[in-house]
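I have placed the structure first, in the form of structure tokens, so that the comments after it can refer back to it.
The values are calculated or read from the model by the stated rules, or taken from the named source; none is laboratory data. All values reported here derive from a predicted model rather than from experimental measurement. We place every Cβ from the backbone using ideal geometry, glycine too, and count neighbours over all the protein chains shown. All accessible areas refer to the heavy atoms of the entire protein, side chains included, with ligands and DNA or RNA removed. Shrake-Rupley method; radii C 1.70, N 1.55, O 1.52, S 1.80 Å.
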Amino acid sequence: EEAFDRIEHPAPILSLDNAFSIEELTTWQERITKLDERVRGSGFSLEPKLDGLSVVLHYENGIFIRGATRGNSLVGEEITENLRTIRSLPLRIPQDPDSRPAPARLVVRGEAFLKLSAFESLNEKLAAKGEKTYVNPRNTAAGSLRQLDSSLTAKRPLSLLVYQIVDSSDPLPGTQQETLEYLQLQGFPVPEYDIVQTLDEVIEHLEKWDLAREQIDYEIDGVVIKLNDLDLVNDLGVVGKAPRGAIAYKFPAQVVTTQLEEIRTNVGRTGVLTPYAVLEPVEIGGVTVRQATLHNFDFIAEKDIRVGDRVMVKRAGEVIPYVMGPVTDLRTGDEIAYDPPRVCPVCEEPVEHFQGEVAWYCVNASCEAQLIRNIEHFVSRPAMDIVGLGIKIVEQLAKEGLVRNVSDLYKLQREDLLQLEGFAEKKADNLLEAIQQSKDQPLARVI
Ligand code: IVH
């Protein structure tokens, strides 16, 4: 492929060795302490290990002039225009004109990634258009950065966190802490970090990061532990392509295998059919997983996923768990190949396929599934924001025939609601009040 120009990096863009246990961390520390006693006094920085792609950003006199992928660590691909679409990438530094002027030449390294929320909403949009959805945020970010048309990159809104100075015409900060402080002052987005003195403290903090993982809007697959003293890191040198003075502690895998018991189909608001797996319940990262998405029917066919298969399931942060594929070695011969449904699982009308799209649709406008999803969307926070009108109630209203389209919501009477299960007078009045209030929402929300 010759689609992108090549850019030589001013210094090798190194990778990291991994530690999969506390024991391996201790071994690492002992090994480098033997090589250099200064390790005892250096202290450590801890940063999230972002599950994205390394990018290298070149600034001349404070202007972003070009950027590259990591490539083979010595030479990367020039993706300047795509990087310019990243909103948090400063095109000019320092961002704050009162701070120290930018060096004549500065090359920094960071990670470009897709937030989980951006990944989910991108997939929702693709699915609604009948297009193929992406499997995980990292693949999506990789695809996004390598688009030949940067207007396509802009539609997959990437985030950036910068954590290293690769080269500078000014003297380099002596510690990782000073590096991150300096980068932040220049206007770069930097990761959150901890500075600690001992390995025991490092270990204490790992737990905190493991827990934080559930809360933050991007995937991290571990914690990067760096000696804070960067001269020391430099002196310790490199083994293969990894510096001795840093290591990636990887969290226990979020991938498990379990039995695929059944394949069922959801019908979305636009009528798109989405298959999902019913699994033998399994724990992933402290959460019991019973279902996982199968993306689309082509995915099932491409991966040759069969009912009864032992499948690998991945759960990352708050992303819906997904089936990665079957463990074919464990097949017994009793697995059953899967045929996509020919009729809508809700209204039983025939489903349709449009040329050039991967999706199958239920095209029956009065299909109850579509009605329910439509109303759910209408009452949701970004749209009309009708508080108290959750999925359960929408389903109740649709099943009882009280609501056949969104405008029926505004015709609901107190008596209608009181006949529903679980509705007392106060609940009915509150809901009617909320529906009335939503009439004050601006027109943009209605559309
Ligand atoms: S430092 C010498 N810090 O992880 C510096 N890397 O598995 C080496 N990564 O190739 C990299 N978050 O793409 C560093 N906070 C972080 C990181 C990070 C993610 C990536 C990076 C590297 C890979 C190694």
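Just to be sure I understand, how many residues within segment 365-387 are open to solvent by 40 Å² or more (accessible area, probe 1.4 Å) and in a loop (DSSP other than H, G, I, E, B)?
Total satisfying the criteria: 6.
Scan segment 196-240 for residues that are of a type in the set (Lys, Arg) and touching a strand residue (DSSP E or B) at 6+ places or on another chain (Cβ under 6 Å) and jot them down.
213, 226
What pairs can you find where one residue is in segment 147-166 and under 9 Å from residue 82 (Cβ atoms), the other is open to solvent by 30 Å² or more (accessible area, probe 1.4 Å) and within 16 Å of the ligand (Cβ to nearest atom), and their Cβ atoms are less than 9 Å apart, with a gap of 6+ or different chains?
If the second residue must be open to solvent by 30 Å² or more (accessible area, probe 1.4 Å) and within 16 Å of the ligand (Cβ to nearest atom), the pairs left are 153/146; 158/88; 158/115.
Filter segment 1-32 down to residues that are among the small types (Gly, Ala, Ser), within 16 Å of the ligand (Cβ to nearest atom) and more than 30 Å from residue 169 (Cα to Cα), then give me how many there are.
Within segment 1-32, residues that are among the small types (Gly, Ala, Ser), within 16 Å of the ligand (Cβ to nearest atom) and more than 30 Å from residue 169 (Cα to Cα) number 1.
For segment 137-170, how many residues are within 16 Å of the ligand (Cβ to nearest atom), under 21 Å from the mean Cα position of the chain (by Cα) and of a type in the set (A, V, I, L, M)?
7
Does segment 91-109 include one or more residues that are under 26 Å from the mean Cα position of the chain (by Cα), closer than 27 Å to residue 151 by Cα, modelled with pLDDT of 95 or more and within 16 Å of the ligand (Cβ to nearest atom)?
yes
Within segment 365-374, is even one residue within 26 Å of the chain's Cα centre (by Cα), more than 26 Å from residue 131 (Cα to Cα) and touching a residue at least 60 places away in the same chain (Cβ under 8 Å)?
no
Do any residues in segment 291-306 that are more than 18 Å from residue 124 (Cα to Cα) have Cβ atoms under 6 Å from those of residues that are modelled with pLDDT of 90 or more and part of a loop (DSSP other than H, G, I, E, B), where the two are at least six apart or on different chains, and which pairs are they?
From segment 291-306, the pairs are 300/294; 300/338; 306/335; 306/337.
Could you please tell me which pairs satisfy a Cβ distance under 9 Å, a separation of 6+ or placement on different chains, a first residue in segment 47-58 that is of a type in the set (Ser, Thr, Tyr), and a second residue that is more than 6 Å from the ligand (Cβ to nearest atom) and in a loop (DSSP other than H, G, I, E, B)?
Taking only residues 6 or more apart or on different chains, the pairs are 54/13; 54/70.
Could you give me the residue pairs with C-beta distances under 8 Å whose first residue belongs to segment 204-229 and is among the polar types (S, T, N, Q), whose second residue is open to solvent by 20 Å² or more (accessible area, probe 1.4 Å) and in a strand (DSSP E or B) wherever it lies, and which are 6+ apart or on separate chains?
228/175; 228/195
How about segment 249-277: which of its residues are outside any loop (DSSP other than H, G, I, E, B), over 20 Å from residue 123 (Cβ atoms) and of a type in the set (A, V, I, L, M)?
256, 260
Please find, within segment 33-63, the residue that is farthest from the ligand (Cβ to nearest atom) out of those that are over 18 Å from residue 198 (Cβ atoms) and among the charged types (D, E, K, R).
Out of the qualifying residues, it is 60.
When only residues in segment 390-414 that are part of a helix (DSSP H, G or I) and among the β-branched types (Val, Ile, Thr) count, which is modelled with the lowest pLDDT?
391
Specify which of the listed residues (69, 26, 33) is free of Cβ contacts under 8 Å to residues at least 60 places away in the same chain and among the polar types (S, T, N, Q).
Sole residue among the options that is free of Cβ contacts under 8 Å to residues at least 60 places away in the same chain and among the polar types (S, T, N, Q): 33.
Quick one: residue 2 ticks every box in (1) at pLDDT 95 or above; (2) of a type in the set (Asp, Glu); (3) surrounded by fewer than 18 Cβ atoms within 10 Å (Cβ to Cβ) bar one, so which box is it?
Among (1) at pLDDT 95 or above; (2) of a type in the set (Asp, Glu); (3) surrounded by fewer than 18 Cβ atoms within 10 Å (Cβ to Cβ), the lone unmet condition for residue 2 is (1).
Does residue 172 satisfy being at pLDDT 95 or above and of a type in the set (A, V, I, L, M, F, W, C)?
It is true that residue 172 is at pLDDT 95 or above and of a type in the set (A, V, I, L, M, F, W, C).
If you go through segment 406-430, how many residues are open to solvent by less than 70 Å² (accessible area, probe 1.4 Å) and within 25 Å of residue 367 (Cα to Cα)?
9
For residue 172, are the conditions met, namely being open to solvent by less than 30 Å² (accessible area, probe 1.4 Å), within 18 Å of residue 106 (Cα to Cα) and among the aliphatic types (A, V, I, L, M)?
It is false that residue 172 is open to solvent by less than 30 Å² (accessible area, probe 1.4 Å), within 18 Å of residue 106 (Cα to Cα) and among the aliphatic types (A, V, I, L, M).
Which one of the conditions (1) within 20 Å of the chain's Cα centre (by Cα); (2) of a type outside the set (Asp, Glu); (3) under 22 Å from residue 68 (Cα atoms) does residue 133 fail to meet, given that it meets all the rest?
Here residue 133 clears every test but (3).
Checking the structure you have, find out if any residue of segment 209-217 is in contact with a Lys or Arg (Cβ under 8 Å, 6 or more places away or on another chain) and either within 16 Å of the ligand (Cβ to nearest atom) or modelled with pLDDT of 90 or more (or both).
Yes.
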